[in-house]
Amino acid sequence: MEPHSTSEFVPVCQVSDLPDPGKTVVEVGDRLVALFHVSGTFWALDDLCTHDGGPLAEGELRGYTIICPRHGAQFDVRDGRALTMPATQATVAHEVKVEGDDVLIRLKDG
Amino acid sequence: MTTTVAETGFHPQAFEQFLSARREPSWLTDLRRRAWRAFRELDLPDSRSEEWRRTDIRLLRLDRFGLAAVPAPTVVEPEALLAANVELAGRTASLDTHVQTAELGARWSAQGVMFGSLDDLLAEHGDLFRPYLTRRIVDPRVDKFAALSGACWSGGTLLYVPRGVAIDRPLHTFSGLSPGGVDLGRTLVVLDEGAEATLLAETGSLEASGAGLHCGTTEIIVGPGARLRYVGLQNWGTGVWHFAHQKAVVERGGRLQWTIGALGSRLAKVNQHVVLAGRDADVQVNGVMFTEGKQHLSYHTLQHHREPYCHSDFLYKGALQDRSHLVWRGMIKVDPGCDKTDAYQRDDNLLLSESARADSIPGLEIEADDVRCSHGATAGRVDDEQIFYAQNRGLTRKEAVRMIVAGFFQQVFDRITIDSVRDALGDAIRRRVREYQ
């Protein structure tokens, strides 16, 4: 079953806070979220590699791909899909929108 | 002993206020100051170390908690699971680390047994217990949480059973947390030569989803030929951060049966360490864990054989549902010359949902030749064929899953010799199992 949203959009930073390309970790509710800025668009994933729980945002960002710093698993920042072994499951992707200079995230359950 | 400092966080001024309000003997204050220095010097553990790489505490804000404030005005005792229908030799209860009740049957106190608040009993009998505290069974320099506990513990529980005294009824201790509360309790159990006792230690929150912090230590000394049954049930609310260092030293011919129930907390990181420190020491550990929601429980066990002819047997079983995560790392360590060691460790996990995760990492470090040391670990899902079989015989899917979960835990329940403990854990798990398609 696809995760669904139950929460509201929450402002997490300003557009100018994050270079393009760039990545950071933000705290939303009780979760750590990896926020990416690529080609003028923001994307957000759980800061969690589904292989062994590694912190994704500490990895290298190549285009739309984030590489887990522990074992090299790769995820698509746009939807959380796992692109390579050792990860086989997607990490949760959250909704992002920009209002003025504010970047807002709405968490998805899951 | 009074503690009337305001809620001020873990910073030097608050610590000095805390010390000055306690009026303790200088040796104890020195121990606290040394631990405080370690607390200030050590960083919070990060995910680069092997022990913490699976346990993410980046969301822990230690500065949102503080030293024990003025005693809680209300005495509200959450339902104690382990003491239901049990005739007790004594009981204690605390809320937010402040001990509110301490009772011990006159029959036992007349024989020299001491049971109650560690704070209060140290004030009366400091010289007797000084050697046990200065031994620093749990080293406060191990990590920042051990240091915080060593510096700032208060309240707590002490059980002392003198030589040859056998207490034939269980003792019960309950630690409660109010929403957002802090528990810095410390437990010291000392059984002298040939003594016997059963201690049921239980935690719980006033609100099932209540937040809070527990940072504590448990130190157990089982003297020569002594027998201790110790049960620790961690049943905090699902918003509580739980950090615990637990260590038992079992001397020549001593026997320890240690049962752990882990049901609660948002995140738990527990180090359980047993030292077999005299010939013929015998330790059995039974672990029962059930996680749900987004709970993360991380248990790190060490069974350390320091003398020959000892026996240790650790069995952990965990069932996980929703997106919860269990981590278990176990190590059997046998020192050089410890021949005829017989050591076993096993960790089994039953995954009730596709999103749950279990990491099970057994290990051996053997430096003697003539030993029997083995380990095992399993993780698996509920077998659909078993559910199909049960449904064909009239059970609903939920009933079938409950039956399978009960069967999974039966092996460890069979080893638990205290009826109330077995019943409480079984009931708590049965209530938690949900229906899965």
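Summary table below
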item: Unique match (being under 20 Å from residue B:277 (Cβ atoms), hydrophobic (A, V, I, L, M, F, W, C) and more than 20 Å from the chain's Cα centre (by Cα)) among B:110, B:195, B:166, B:123; result: B:195
item: Given (1) on the phi < 0 side of the Ramachandran plot; (2) without any contact (Cβ under 8 Å) to a residue 60 or more places away in the chain, number of the condition residue A:100 does not satisfy; result: (1)
item: Criterion: of a type in the set (Asp, Glu) and not in a helix (DSSP H, G or I) - qualifying residue of B:423, B:359; result: B:359
item: Entirely in segment B:135-237, the strands (runs of 3 or more DSSP E) that have 1 or more residues that are aromatic (Phe, Trp, Tyr); result: B:157-161, B:171-177, B:227-234
item: Residue under evaluation residue B:326, criteria (1) within 14 Å of another protein chain (Cβ to nearest Cβ); (2) in contact (Cβ under 8 Å) with a residue 40 or more places away in the chain; (3) assigned to a strand (DSSP E or B), criterion not met; result: (2)
item: Residues of segment B:296-323 classified as outside any strand (DSSP E or B) and farther than 22 Å from residue B:378 by Cβ, total; result: 5
item: Selection status of residue A:73, under 20 Å from residue B:323 (Cα atoms) and modelled with pLDDT of 95 or more; result: no
item: Residues of segment B:329-361 that turn out to be away from chain A (no Cβ under 14 Å) and farther than 19 Å from residue B:276 by Cα, as a count; result: 5
item: Residue, modelled with the highest pLDDT, within segment A:26-60, restricted to residues that are within 14 Å of chain B (Cβ to nearest Cβ) and surrounded by fewer than 15 Cβ atoms within 10 Å (Cβ to Cβ); result: A:27
item: Counted residues, segment B:338-356 - those being of a type outside the set (Lys, Arg), touching a Gly at 6+ places or on another chain (Cβ under 8 Å) and not in a loop (DSSP other than H, G, I, E, B); result: 6
item: The lone exception for residue B:257 - which of (1) over 30 Å from residue B:338 (Cβ atoms); (2) part of a strand (DSSP E or B) it fails; result: (1)
item: Residue A:80 being within 21 Å of residue B:294 (Cα to Cα) and away from every other protein chain (no Cβ under 13 Å); result: yes
item: Residue B:189 of a type in the set (Val, Ile, Thr) and either modelled with pLDDT under 95 or over 15 Å from the mean Cα position of the chain (by Cα) (or both); result: no
item: Total residues in segment A:68-77, condition within 14 Å of chain B (Cβ to nearest Cβ) and in contact with a Pro (Cβ under 6 Å, 6 or more places away or on another chain); result: 1
item: First in segment B:422-434 and of a type in the set (Gly, Ala, Ser), second anywhere and part of a helix (DSSP H, G or I) and buried (at least 16 other Cβ atoms within 10 Å of the Cβ), Cβ under 9 Å, 6 or more apart; result: B:426/B:409; B:426/B:413
item: Meets criteria (over 25 Å from residue A:102 (Cβ atoms), over 9 Å from the mean Cα position of the chain (by Cα) and more than 14 Å from chain B (Cβ to nearest Cβ)) for residue A:65; result: yes
item: Neighbours by Cβ (under 6 Å, 6+ apart or cross-chain): first from segment B:232-256, in contact (Cβ under 8 Å) with a residue 12 or more places away in the chain and within 13 Å of residue B:312 (Cα to Cα); second among the basic types (Lys, Arg) and surrounded by fewer than 23 Cβ atoms within 10 Å (Cβ to Cβ); result: B:255/B:227
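Rundown of residues vs (1) more than 30 Å from residue B:266 (Cβ to Cβ); (2) of a type outside the set (A, V, I, L, M); (3) buried (at least 19 other Cβ atoms within 10 Å of the Cβ); (4) touching a helix residue (DSSP H, G or I) at 6+ places or on another chain (Cβ under 8 Å), yes/no style:
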site: B:291; (1), (2), (3), (4): no, yes, yes, no
site: B:299; (1), (2), (3), (4): no, yes, yes, no
site: B:318; (1), (2), (3), (4): no, yes, yes, no
site: B:324; (1), (2), (3), (4): no, yes, yes, no
site: B:336; (1), (2), (3), (4): yes, yes, no, no
site: B:352; (1), (2), (3), (4): no, no, yes, yes
site: B:369; (1), (2), (3), (4): yes, yes, no, no
site: B:376; (1), (2), (3), (4): no, yes, no, no
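The values are calculated or read from the model by the stated rules, or taken from the named source; none is laboratory data. Worth saying up front: this structure is predicted, and the values here are computed from it rather than measured. All Cβ positions, glycine included, derive from the backbone under ideal geometry; neighbour counts span all protein chains shown.
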